[in-house]
Amino acid sequence: MRLRIAVPADVPAIVSLEGSPIARDYVGRWSKERHLTTLDSADARYYVSETERGDVEAYAILRGLSEDSRSIELKRIVVGQPERGTGRRILSEILRIAFRELGAHRLFLDVFEDNARARHLYESLGFKYEGVMRESAQRDGRWYNLHLMSMLESEYN
C-alpha cells in the first residue's frame, strides 16, 4: 500500500469509488467540482492509496486543518475492496499523520449507526464512542442516526 497526498488528477477515481455499490450506502456522494474545491482548500487534505500498478484503491479526507482547536475531522475514508485489511492500514497511517505530522489534539468522525464493519474498525484502533447524532444523514429517502467517535492525542499510541 502506498498512501500519498491526492492531486486533482485523482478526483475522477475518488468519485468512482464513492459510486461503488460498497460505498453507496455509507458515504455521501460529492460532485467532481465539490471534490476539486475541497481538495484546493487549505483546511482539507486528501490522501489516496494506490495499488502496485498505480490505481487508486482507496482515499481519505481530513478537514479542519486550520482550526485553532487542533480538532481534525476524518470526513471520509473509502476503500474499493473491503475485507482485505486496506482500511485498517490506511486508517493507521491517517492516525499517524493526524497526530504526528499535523499536530492534532483530537481526531473525530461520524459513522452510520448500521455500519457495523466501520464502527468495529474504529473501535479496534482506539476511537471512543461519544454519542448519537439523531437522524442527521439521509439515505434512500430515510433518515439515519450517525455515531460520533473520536480519539485524543493522549490516547494515540
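In table form, for the structure just shown:
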item	result
Residue among Arg88, Arg84, Arg29 that is part of a helix (DSSP H, G or I) and among the basic types (Lys, Arg)	Arg88
Check on Arg76, in a strand (DSSP E or B) and within 16 Å of the chain's Cα centre (by Cα)	yes
Matching entry among Leu121, Leu91 (being within 16 Å of the chain's Cα centre (by Cα) and farther than 19 Å from Arg24 by Cβ)	Leu91
Residues within segment 126-149 that are touching a helix residue (DSSP H, G or I) at 6+ places or on another chain (Cβ under 6 Å) and aliphatic (A, V, I, L, M), tallied	1
Any pair with Cβ under 6 angstrom, 6 or more apart, that starts in segment 117-142 at a residue that is touching a residue at least 60 places away in the same chain (Cβ under 8 Å) and ends at one that is part of a helix (DSSP H, G or I) and β-branched (Val, Ile, Thr)	none
Qualifying residue in segment 39-50 (condition: hydrophobic (A, V, I, L, M, F, W, C), under 22 Å from Glu123 (Cα atoms) and in contact with a helix residue (DSSP H, G or I) (Cβ under 6 Å, 6 or more places away or on another chain))	no
Qualifying residue in segment 93-105 (condition: in a loop (DSSP other than H, G, I, E, B), surrounded by fewer than 20 Cβ atoms within 10 Å (Cβ to Cβ) and at pLDDT below 95)	no
Residues of segment 69-87 that turn out to be among the acidic types (Asp, Glu) and modelled with pLDDT of 95 or more, as a count	1
Within segment 106-141, considering residues that are out of contact with any Asp or Glu (no Cβ under 9 Å at 6 or more places or on another chain) and in a strand (DSSP E or B), the one nearest to Arg84 (Cα to Cα)	Val111
When residues of segment 22-52 are limited to those that are within 15 Å of the chain's Cα centre (by Cα) and of a type in the set (Lys, Arg), the one farthest from Arg139 (Cα to Cα)	Arg45
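Conditions (1) within 18 Å of Met149 (Cβ to Cβ); (2) touching a Gly at 6+ places or on another chain (Cβ under 8 Å); (3) surrounded by 15 or more Cβ atoms within 10 Å (Cβ to Cβ), marked per residue:
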| residue | (1), (2), (3) |
| --- | --- |
| Ser20 | no, yes, no |
| Trp30 | no, no, yes |
| Leu39 | no, no, yes |
| Asp43 | no, yes, no |
| Arg53 | no, no, no |
| Gln81 | no, no, no |
| Arg89 | no, no, yes |
| Leu109 | yes, no, yes |
| Leu121 | yes, yes, yes |
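Quick grid of which residues meet (1) surrounded by fewer than 12 Cβ atoms within 10 Å (Cβ to Cβ); (2) over 23 Å from Arg24 (Cβ atoms):
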position: Leu125; (1), (2): no, yes
position: Glu130; (1), (2): no, yes
position: Gln138; (1), (2): yes, no
position: Asn145; (1), (2): no, no
position: Ser150; (1), (2): no, yes
position: Ser154; (1), (2): yes, yes
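The values are calculated or read from the model by the stated rules, or taken from the named source; none is laboratory data. Not measured: the values here are computed from a predicted model. Please note: Cβ atoms are built from the backbone with ideal geometry, for glycine as well, and neighbour counts cover all protein chains shown.
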